[in-house]
1. Skipping prolines and chain starts, which residues have an amide H placed within reach, meaning under 5 Å, of the one on Q59, given they are 5 or more residues away or on another chain?
2. Over the alpha-carbon set of the stretch 1-48, work out the extent along each principal axis and list the three values in angstrom, largest first.
3. Once the principal axes of the Cα atoms of the chain are found, what is the range along each, listed largest first in whole angstroms?
Amino acid sequence: AARAEIFACTSNSEVRVFADDAGNFALPIRTIAGPATGILECYGLALDNWHNELWVTTQSTISVFRATDNGDVAPLRTIAAPGFAVALALDLEADEIYV
């Protein structure tokens, strides 16, 4: 809400970003997708407005992008998932991630 955007994870390996007032059949205002992203079967998202980062889970990785990224961009950093990563949560006060 702080960004006035809605982030959506899709099963076809992409993250779609919509305006916060998007209605049915709205087109995304930008998309993070492509080989450089490493996003395969996107499952979960967490937005960190404090650091301007978007965390994305896939079957085997947790990737971090700039919240403003668009297109086929490489993640800022990637963590190998300890198993099948399907969801995550951020604790910004403790500087921790839960997978």
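Please treat every number below as a calculation from the coordinates, not as lab data. It should be emphasised that the depicted structure is a prediction, and the values quoted were computed from it without experimental measurement.
1. For Q59, the qualifying residues are L40.
2. 29, 26, 16
3. The Cα atoms of the chain stretch 36, 31, 21 Å along their principal axes.
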